[in-house]
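The values are calculated or read from the model by the stated rules, or taken from the named source; none is laboratory data. What you see is a predicted model; the values in this text were computed from it and never measured. Here the Cβ positions follow ideal geometry from the backbone for every residue, glycine too, while neighbour counts run over all protein chains shown.
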Amino acid sequence: ETGRYLVLASGTAVNESTQGFAVVATGELVGESSSLTGDFDEDFDVDAADYLSFYQCRTGPDDINNQATAPCLSAFDSDLDDDVDEQDFQRFQQVFAALN
């Protein structure tokens, strides 16, 4: 589908001495930039402002008190389990590191 996407990718040169230069790339589709994981303020990046929002949105596992708001879940609940916890923070860190 046409659109703007963010892909986390890494590459490695292989067989450089025998076959010339080649790159094997692996990656993971993060999502359309309009719904970028961790972009709480929807400014098309994941930065310190989003980190602060993550900290304010965190609920811990299972969110037994239903504290997570819809905007928090939309931006940070990457595993879709209706909380903002350590698993979601791991995903946030991946995207944050890739963009900074």
Q. Just checking, how many residues over the range 79-94 are under 9 Å from the mean Cα position of the chain (by Cα) and either more than 18 Å from Ala49 (Cα to Cα) or of a type in the set (Val, Ile, Thr) (or both)?
A. 0
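Only helices (runs of 4 or more DSSP H) wholly contained in the chain count here; list those with 2 or more residues that are at pLDDT below 85. Break it down into steps so the answer makes sense when it comes.
Details: elements: 16-19, 48-57, 70-76, 86-99.
In the chain, 16-19, 86-99 are the helices (runs of 4 or more DSSP H) which contain 2 or more residues that are at pLDDT below 85.
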Q.
Out of the residues in the range 53-78 meeting the condition of being surrounded by 12 or more Cβ atoms within 10 Å (Cβ to Cβ) and acidic (Asp, Glu), tell me which one is farthest from Leu36 (Cα to Cα).
A. Asp63
